[in-house]
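Asks: Can you keep this structure in mind? I'll have questions shortly.
The values are calculated or read from the model by the stated rules, or taken from the named source; none is laboratory data. Treat the numbers as computed from the prediction; the structure is a model and nothing was measured. Neighbour counts run over all protein chains shown; Cβ positions are idealised from the backbone, glycine included.
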């Protein structure tokens, strides 16, 4: 069964440092997403991406965040200057279509710890 | 703003019993709903979905019920097993929009 792959599984970084979280969506999917989940809390939407541009973003996704699809397979989330409150699980998801027959396929996540 | 919420944050059931996990949603325009299961250290995993033109859908050991009148969604798990222990999220979608997740219910299966 096709999977969404995320690397690394766990990243520890110092406050103020830049981090890049990497994702390889399912190959025939067209819509890509980043969500985050602070420990013990619900999954929160960050950003959606389609046709090489951001289609929607939440208020969490401020100027410190950016996304990129540098080639035909990778989808990255960059946090320019990490803060303690950025510590969370970050999930990448992809979807073949936006129609109601298509839910997300999530990756296993990257646990980001900012110290 | 509109949101998805859950009535019970934790649920403990005996192995072999049936489990019912509830979810309330407030966006009357939502027309597609999914239940996700999240095991410790893993990403959410699709369990079952339902469209707003249906009120019931069954899968293997799972049933989702949708009551649009009261904006309520439930997930029923038959003969709950230890492997069902996880956090369960409902998520709603308004066609073409992003999914909004509820806060989650932790299901603990007791031996």
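Asks: Looking only at residues in the stretch A:93-115 that are within 8 Å of another protein chain (Cβ to nearest Cβ) and farther than 18 Å from residue A:35 by Cβ, which one is modelled with the highest pLDDT?
Replies: A:99
Asks: Let me ask something additional. Which one of B:69, B:105 is within 23 Å of residue A:35 (Cα to Cα) and more than 10 Å from chain A (Cβ to nearest Cβ)?
Replies: B:105
Asks: Continuing with the same structure: State yes or no: is residue A:81 out of contact with any strand residue (DSSP E or B) (no Cβ under 8 Å at 6 or more places or on another chain), in contact (Cβ under 8 Å) with a residue 24 or more places away in the chain and exposed (fewer than 13 other Cβ atoms within 10 Å of the Cβ)?
Replies: For residue A:81, the condition - out of contact with any strand residue (DSSP E or B) (no Cβ under 8 Å at 6 or more places or on another chain), in contact (Cβ under 8 Å) with a residue 24 or more places away in the chain and exposed (fewer than 13 other Cβ atoms within 10 Å of the Cβ) - is met.
Asks: Here is a follow-up. Can you tell me which residues in the stretch B:41-64 are at pLDDT 95 or above and buried (at least 17 other Cβ atoms within 10 Å of the Cβ)?
Replies: Listed by number, the residues that qualify are B:62, B:63, B:64.
For (1) out of contact with any strand residue (DSSP E or B) (no Cβ under 7 Å at 6 or more places or on another chain); (2) in a strand (DSSP E or B), each residue gets a yes or a no:
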{"position": "B:11", "(1), (2)": "no, yes"}
{"position": "B:28", "(1), (2)": "yes, no"}
{"position": "B:37", "(1), (2)": "no, yes"}
{"position": "B:47", "(1), (2)": "no, yes"}
{"position": "B:54", "(1), (2)": "no, no"}
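Asks: Here's another thing I want to ask about it. Under 16 Å from the mean Cα position of the chain (by Cα) and not in a loop (DSSP other than H, G, I, E, B): which single residue out of A:108, A:55 fits that description?
Replies: Result: A:55 is the single residue among A:108, A:55 that is under 16 Å from the mean Cα position of the chain (by Cα) and not in a loop (DSSP other than H, G, I, E, B).
Asks: If you don't mind, another one. Determine whether the stretch A:25-46 contains at least one residue that is touching a residue at least 12 places away in the same chain (Cβ under 8 Å), away from chain B (no Cβ under 13 Å) and assigned to a strand (DSSP E or B).
Replies: no
Asks: Moving on to the next point. Would you call residue B:41 in contact with a strand residue (DSSP E or B) (Cβ under 9 Å, 6 or more places away or on another chain), without any contact (Cβ under 8 Å) to a residue 40 or more places away in the chain, within 11 Å of another protein chain (Cβ to nearest Cβ) and not in a strand (DSSP E or B)?
Replies: So residue B:41 fits the description; yes.
Asks: Return the residue satisfying two criteria in turn: it lies in the stretch B:72-96 and is buried (at least 18 other Cβ atoms within 10 Å of the Cβ) and within 14 Å of chain A (Cβ to nearest Cβ), and of such residues it is modelled with the lowest pLDDT.
Replies: B:93
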